[in-house]
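Structure first, then comments.
No value in this document is a laboratory result; all are computed from the given coordinates. Because the structure is predicted, anything quoted here is derived from the model rather than measured. As a convention, Cβ positions derive from the backbone with ideal geometry for all residues, glycine included, and neighbour counts pool all protein chains shown.
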Amino acid sequence: MHQLGNFALTLAMALAVFAVISAIMAIRLKRGDLLRVAQRSVYGVFGSVLLAAGCLIYVLVTDQMQIEYVASYSNLALSAFFKYTFWAGQAGSLLLWSLLLAGYSFAVTYRYRNTHLQLMPYVILVTMATQVFFLALNLWSANPFNELISVSADGSRTVFTPVDGRGLNPLLQHPAMIIHPPTLFMGYVGFVIPFAFAMAALLSNQLGDEWIKLSRRWTLFAWMFQTAGIMMGGWWAYEELGWGGYWAWDPVENASLMPWLTGTAFLHSVIIQEKRGMFKVWNVSLIIATYILCIFGTFLTRSGVVSSVHAFAQGSIGTFFLSYIILATSISVALVVHRLPGLKSDNKLDSALSRESSFLFNNLVLLISCFSVLWGTLFPVLSEAVTGEKIVVGAPFFNKVNIPIALFLLFLTGAGPLFAWRRTSLGTLMKTFRIPLLAMIFGIIGLYFAGVHHLYGLMSFSLALFVIIAIFTEFYRGTMARVRSNAENIAVALKNLIWKNKRRYGGYIVHFGLVVIFIGITGTIFNYETKSQIGVGESIDVRGYTVVCEQISGESNDNYDSQFAILTLKRNGEVIDRLKPEYRVYKASEQPTTEVALHKSLREDFYTVFTGLDDSGQKAILQIYVNPLVAWLWFGTEIMVFGTLICLLPAYQEDRVEVKLRRKEGVAENA
């Protein structure tokens, strides 16, 4: 089966190269038949990479230990559930990249197979050129189908099959790792599509709004998955790593955040180009930066230049990534410079008090945050290169820089929609800001007297209230306008308001989800932790909770040995949960790990970690955290995804225009 996998990868590579050549010829010779050849080659690439992925899953599930990748990331005792996660190692994760890119390329090529014929050859060229790079890595640098070879004393080489494999990293044996990497990669890879449209616009000199409109939903789709993937990574860290937190400003965490920041800026600024014909250079530059940062994030994970719990082992693959990043950046920047005359804005900012200005400030804040994260991530590498000493930049730096930025961004989230396009009069401004500002002021007073005296806590909670009231006001005004004009009841008016303005009100829902996430993050100010020892029958009190130890025991299976404690959790004398924190040592890898036990509520999480037994062997050592408002992070993410899905739904006018355009282009092609 591994031979078939290798053949499938080789075929995919050949078809991708052929698609690039066919697209170039279609552009130069202006021949529709060559474009159709390129399109069919893209379809073939997808089928071939899908076959290769299926082959890799097969050799993992059937325990073919002669395959190096299987022996390195699986073992006989590993649950079949985890054997399907072929992205656990470097070669498999790169194959996942190639598979998702092939899927995206297939989808966009098929979707526009008969339309937008001036742009699509260039889109195929860019997506398949990226595909060639990743397939080349899979074939020649990180091939998941390589066999283990034993070299005898006489120099003869034979295939070596070990009795068992080294097993999957225990930290990855968690349900989140089934979902998190593909979700995050759907974001990373998805940004290739809007980048391809931007490059198509530059290469074809079609510098209007067509590429923006075509790429908007693809960008939203990628951004949604990037958002969900980042938060799923936080969920995995929270439930698996046993340190009581979900975000540590780890270099690979930062790498996933940076393209999200620039992608968010792009989604906001393209609205200005569509409405006012402004920020054309800015938008092209933002999507280029997002694409490069996606590749850069993949480079950080695989190059070994940074230390991270998420990173793969160091290897030569980093050199290939760095070379590609330099080449892609150089070509992109050269194209932007070449097309600068055609990228001039149609209009200028009319006033600092306008929605355009608020979007611009939003963009600047996001980019400042992105730069600070990039600088903090790379500073240890740069300091070592210059001075020979690695100066580590920790969480205090990132928090000190990004918390004020985040608070300003939170303010803009609520304030931006309150401004009018072009210019907002002071009278109108005071009228629209009055209720949200009053709510914020009363919120500060109420929170202070409720015991919240932390400056950032006060600011974050009160700004969250400001934004919530501002969003509610927008929904209320729109709903009541429909009630008055269409004689609808409030529920019907609200439904129709959202349905007929999906992009606008879906965006407000996304903003509301972001506010909920901010509330959850602010809860970390009030975190509490303690370390205790407890024996069977004993109890300890922690922040209003009582923990009673019912049992301390152990168990063993083919995969790991473990020790655990059975705990009864009480509040106000009533039993609210039973917890089983556990300490495991995995047999194949001889790696220890903890399985945390959580009692979750909207108010706070009670988080327990079993770290071992005391010297007497009779008492369990527990690390206990009480983390307020953590559930709000996961709930806020769900709201953001829901809002994005609403934005992705087609609008009435867009549907009609698209149908007319397709019919018109179809007639022109037949003629």
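Looking at the stretch 593-655, the trypsin sites (Lys or Arg not before Pro) that sit in a DSSP loop and have at most 15 other Cβ atoms within 10 Å of their own Cβ are Lys600, Arg603.
Put the Cα centre of the stretch 486-508 next to the Cα centre of the stretch 241-269 and the gap is 32 Å. Summary of packing: across the peptides 643-649, 536-542, 412-418, the per-residue average of other C-beta atoms within 10 Å ranks them, highest first, as 412-418, 643-649, 536-542. Evaluated with a Cβ-only charge set (Lys, Arg +1; Asp, Glu -1), the stretch 1-158 carries a dipole of roughly 860 debye about its Cα centre, given to the nearest 20. Toward the positive end of the charge dipole of the stretch 527-631, with +1 on the Cβ of Lys and Arg and -1 on the Cβ of Asp and Glu, the farthest Cα among Ile566, Gly554, Phe606 is that of Phe606. For Ile519, neighbours were defined as the other residues whose beta-carbon sits under 15 Å from its Cβ, and their charges (Lys and Arg +1, Asp and Glu -1) total -2.
Between Thr158, Ala23, Val45, the Cα set farthest toward the positive side of the dipole of the chain (charges on each charged residue's Cβ, about the Cα centre) is that of Ala23. Overall, the chain carries a charge dipole of about 3620 debye about its Cα centre when +1 sits on the Cβ of Lys and Arg and -1 on the Cβ of Asp and Glu, all other atoms neutral. For a label point 7 angstrom out from the Cα of Gln618 toward its Cβ, which stretches of the stretch 534-550 have the backbone nitrogen within less than 20 Å? Output list for this probe position: 534-541, 548-550. When the pairs Lys213/Lys502; Lys280/Lys431; Lys500/Lys600 are compared against a 26 Å limit on Cα-Cα distance, Lys280/Lys431; Lys500/Lys600 fall above it. Between Thr329 and Phe642, the C-beta separation translates, for a Förster distance of 51 Å, into a calculated FRET efficiency of about 0.90. For the stretch 541-602, the set of GluC sites (Glu not before Pro) satisfying both a DSSP loop assignment and a count of at most 16 other C-beta atoms within 10 Å is given as Glu590.
Where only DSSP H runs of four or more residues are counted, the chain gives -22000 deg cm²/dmol as its mean residue ellipticity at 222 nm, each run worth -39500 (n - 2.57). In percent, what relative contact order does the chain have, based on Cα pairs under 8 Å that are 6 or more apart in sequence? Once normalised by length, the contact order is 11 percent. Here r is the Cβ-Cβ distance between Thr568 and Ile178 and R0 is 30 Å; the resulting FRET efficiency, rounded to 0.05, is 0.45. Of Asp577, Asp346, the sequence from fewest to most neighbouring Cβ atoms within 10 angstrom is Asp346, Asp577. Taking θ as phi - 60° and the Karplus parameters 6.51, -1.76 and 1.60, the scalar couplings of the stretch 162-169 work out to x, 5, 8, x, 6, x, 6, 3 Hz in sequence order, x denoting glycine and proline.
Whole-percent P(r), the chain, all Cα pairs, 10 Å bins from 0: 3, 13, 22, 24, 20, 12, 5, 1, 0, 0. Each Lys or Arg adds one and each Asp or Glu takes one away; over the other residues whose Cβ falls under 13 Å from the Cβ of Glu529, this sums to 0. Each Lys and Arg contributes +1 and each Asp and Glu -1, all at the Cβ; summed about the Cα centre of the stretch 368-447, the dipole is approximately 540 debye.
Between Leu367 and Leu349, residue separation times 0.36 nm minus the direct Cα-Cα distance comes to 4.5 nm.
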